[in-house]
Amino acid sequence: MFRNSKKPLLLIVFAILASLLFSFSTHHEYAHGQSVTNPILFGEIIDAQNTPVAGVEVLAETQGEKISSAISQPDGRYAVEFTEDIPDEVTIIYERAHFQNITISLDPDQINDLENGITVVIPKFTLERKIGPAFWIATVVFIVVLVLIAGGITHNTLAALVGASTLFAISYLGHPLNENLYIFDFAGSIQYIDWNVIFLIMGMMMYIAIVEHTGIFQWMAFIAYKTSRGKMLILLPILMLITGIASAFLDNVTTMLLMTPITVQIALSVGINPLALLMPEVMASNVIGVSTLVGTPTNILIGSYANISFNGFLQNQTPGVLMAFSGLVIYSIFIYKKDLNEAHEASETLINKLEERGKITQPDHLKKAGWIGAGMLILFIFGERIHLLPSVTAIIGATALLLWIRPNIEEMIEAVDWTTLVFFMSLFIVVGAVQEVGLISVIADWIGKLVGDSLLLAMLAITWLSAILSMVIANIPFTAAILPVVGFLSANVPGAEGKVLFFCLSIGAALGGNGSLIGASANMVTAGIADAAGYKISYTYFLKKGLPAVLITVGLAFIWLLIRFY
Amino acid sequence: MSGIICAVRGGPASQPTIEKAIDLAKETNLLLRFLYVVNLDFLSHTQISRTSMILDELNQMGEFILLTTQEKAKRQGVNTEAVIRHGNVREEIIELAKEIEADYVVLGLPVGEKEKNVFIMERIKEFGNLIEEESGAKIVLSGGDEL
């Protein structure tokens, strides 16, 4: 019985082995035959910034008749395979929107090689940019979006959405009338959306949505108040530190949304101007948030673009951030000392009310969020060893928390700030358009000429330019737009390979946000809530208090970057 | 029902209005209601949409602001009530005045702009007239007399 049953099994094994052998030999023969019989023309295309150009249509023609073609890949390389006989004359035409077309003729030796089945390699060459109507239209749309956001004329999301829609409308409706109006198609625009950023923000939002209802922020603020025993010079640094550390792991806007109301209540109960606590808090949030990948939206953008891990930010920025924070604490005490000294003892009714507010409302949820948060932190720190993207960690963590807590899923989905996600997606498209038409290349070229080969000049330019521009235009659109420029400088300035210029951008963009009311979304939220309590933070007020803070904090953090990288 | 309505925003600019309302309550012996309106218009310039959480937070802050105001009135021997509403400040003042058939609504003037800014003064008077028309309540300006 045993011997009988073994026979069919052996037959099956033999059949599988035979078919594998057959398929391998067929495949091998085919592959081998292909490399011998079909000659290939290889090449690589770059732009003036030494960046590979993808999507170039490479056409092989003879006397105006197409004989083969290929499209350049994201690394700028292409391979034109000739499946028919090679004619005596072969012309290669390179075509891509927003670039000048190039035509070259293969010389007799190259044609001879192709005829003999020998692969021909064309030396790497540069495709020159073409500045046409599309360039100017995309540039104007980009500037209009920045002005709408900076001027607070429309909702940020609406501004970015209007920009993206205008670009599509011009590309699709204008293109049939004039081919120079083409910017990009829908599929091309989608490629500019950084999905790692979108999913990381979404995952963190879902996690935060659970944490924010636990009362942890209010509890920490009340504990800070109790610990300081009403001494404002002790309370201020503690509140700044709490806000800062929370901002390093959660987003700044949520941190300030939760910290501002309780801070106003503490300030009112001791009879001081709440701005004396709120301004240092929001500035600390912008400063300390920069020490981690998930601390600021600008770091999320930078980390994803430059492939800087959670550890990368932590190791390279934290000492500089601590220096900047120390400077900020001293500065804050100096400018608000008079206000802080006006504090009096709070009445019993108000203390009771504060205590009531300063309670953990959902201890079970907080405990579970703590465990999941710790797990996420471990994955953020060690995940890079297994190529685990931060967005994947955030989504896994958020989902695990939802499974564990089982909240009302509709409420949780509502808690995701979809407007922010739409803002980011639309912004990526608007910034992608100016990349596509070559504006970013022009800027990169200009800055490249300005800094030359000097790493110090490049560091100074990126840090301070980002800090200044983040005050004028909100730091998120600015960072999204400047990233390719920093990428270009990092590839071309000697000594910048260690991503130092990205850290300069991170410091400048986030800390520069302290210089003006519109510099960071957290500033606007803080000002809005303070205004609702009757304490107005005007543009001038913010500038007056924030500008010296920017000089101090960016200066100190820059010193650290010099020590670390120069 | 009847009484006095005083819309409070908090901050130094509200203090003269609160004082005026407390004085009026002492004079008339009417119940003083402090009103705080939670308004989320400031979010229109950001990309935030999580309004329910922010409403909760501002609600709590409003309660606290009203508590400090009520304490102030209590110290002067005036008993008060606190009312929190959500939405447009002007509409909510009118709505409450109609609901409780208020006798008086105390309105504040922006600090330092009483004489300087005729436009603001005109707008407040216009608003006061609207409240009177809609609810029948008399308007008292913190820096002056009844309209």
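Coordinate-derived values only; no laboratory data. As the structure is a prediction and not an experimental result, all values here were calculated from the model. Cβ sites come from the backbone with ideal geometry, for glycine too, and all protein chains shown count toward neighbours.
Here are a few things to note about the model shown:
- Listed residues B:Val105, A:Leu427, A:Gly43: farthest to the positive end of the dipole of the protein assembly as shown (Cβ charges): B:Val105
- Shielding by other protein chains, B:58-66, mean Cβ within 10 Å: 6
- Partner lysines whose Cα lies under 18 Å from the Cα of A:Lys367, excluding those fewer than 8 positions away in the same chain, are identified as A:Lys359.
- Here the range A:110-267 is assigned +1 on the Cβ of each Lys and Arg and -1 on the Cβ of each Asp and Glu. Its dipole about the Cα centre then comes out at about 940 debye.
- Dipole magnitude for the protein assembly as shown: computed about the Cα centre from +1 point charges on Lys and Arg Cβ and -1 point charges on Asp and Glu Cβ, it is near 2740 debye.
- Within a straight-line Cα-Cα reach of under 19 Å, A:Lys368 can be paired with the following aspartates and glutamates, leaving aside sequence neighbours fewer than 8 residues apart in one chain: A:Glu212, A:Glu411.
- Spread of Cα-to-Cα distances over 10 Å intervals beginning at zero, given as percent, for the range A:85-204: 11, 26, 25, 18, 12, 6, 1
- Listed residue pairs exceeding 29 Å between alpha carbons, taken from A:Lys353/B:Lys138; A:Lys338/B:Lys26; B:Lys72/B:Lys138: A:Lys353/B:Lys138; A:Lys338/B:Lys26
- Against the main long axis of the alpha-carbon atoms of chain A, helix A:500-512 sits at an angle near 40°.
- Counted by Cβ distance under 9 Å from A:Thr62, the other residues give a net charge of -3, where Lys and Arg count +1 and Asp and Glu count -1.
- When A:Leu489, A:Leu389, A:Leu277 are sorted by how many other C-beta atoms sit within 10 angstrom of their C-beta, beginning with the fewest, the order is A:Leu389, A:Leu489, A:Leu277.
- Sites B:Asp56 and B:Glu132, calculated FRET efficiency, Cβ-Cβ separation with R0 56 Å, nearest 0.05: 0.95
- Simple spin-label estimate for A:Lys226 and A:Tyr541 gives 3.1 nm between the two label positions (7 Å along the Cα-to-Cβ direction from each Cα).
- Shape analysis of the range A:275-400 places it in the oblate category; the axes a ≥ b ≥ c from the Cα gyration tensor give an a/c of at least 1.5, with a/b not above b/c.
- Cβ-based charge dipole, chain A, positive-most Cα from A:Leu455, A:Ser326, A:Val550: A:Ser326
- For chain A, the mean residue ellipticity at 222 nm estimated from helices alone is -22000 deg cm²/dmol, where every DSSP H run of n ≥ 4 contributes -39500 (n - 2.57) and the total is divided by all residues, rounded to the nearest 500.
- Here the Kirkwood formula puts the hydrodynamic radius of chain A at 26.8 Å, using every distinct Cα pair.
- 3J(HN,Hα) along the range A:371-383: 5, 5, x, 5, x, 5, 4, 4, 5, 4, 6, 9, x Hz, from the Karplus curve 6.51 cos²θ - 1.76 cosθ + 1.60 with θ = phi - 60°, whole Hz, x for Gly and Pro.
- Ellipsoid equivalent to the range A:36-126 - semi-axes via the Cα gyration tensor, in Å: 22, 13, 11
- Principal-axis analysis of the Cα atoms of chain A puts helix A:475-492 at an angle of about 50° to the longest axis.
- Taking 7 Å steps out from each Cα toward its Cβ at B:Lys26 and B:Glu122 produces label points 3.6 nm apart.
- Residue exposure proxy: B:Lys72, A:Lys66, ordered by other Cβ atoms within 10 angstrom of their Cβ from fewest to most, comes out as A:Lys66, B:Lys72.
- For A:Thr103, neighbours were defined as the other residues whose beta-carbon sits under 12 Å from its Cβ, and their charges (Lys and Arg +1, Asp and Glu -1) total -2.
- Residue order for A:His98, A:His344, B:His86, fewest other beta carbons within 10 angstrom first, comes to A:His344, B:His86, A:His98.
- Residue by residue, the range A:407-416 carries 3J(HN,Hα) couplings of x, 5, 5, 5, 5, 5, 5, 5, 5, 5 Hz when phi is fed to the Karplus relation 6.51 cos²θ - 1.76 cosθ + 1.60 (θ = phi - 60°); x denotes Gly or Pro.
- Of B:Lys98/B:Lys125; A:Lys226/A:Lys337; A:Lys544/B:Lys20; A:Lys337/A:Lys545, pairs whose Cα-Cα distance is over 22 Å: A:Lys544/B:Lys20
- Here the 3J(HN,Hα) profile of the range B:4-9, calculated from phi with Karplus coefficients 6.51, -1.76 and 1.60 at θ = phi - 60°, is 10, 10, 10, 6, 10, 10 Hz, Gly and Pro shown as x.
- Of the trypsin sites (Lys or Arg not before Pro) found in the range A:478-562, those in coil by DSSP whose Cβ has at most 14 other Cβ atoms within 10 Å are A:Lys536.
- Alpha-carbon radius of gyration plus Dmax, which is the widest Cα pair, for the range A:132-258 in Å: 22.4, 72
- Charge context of A:Ala224, other residues only, Cβ under 12 angstrom, K/R +1, D/E -1: +2
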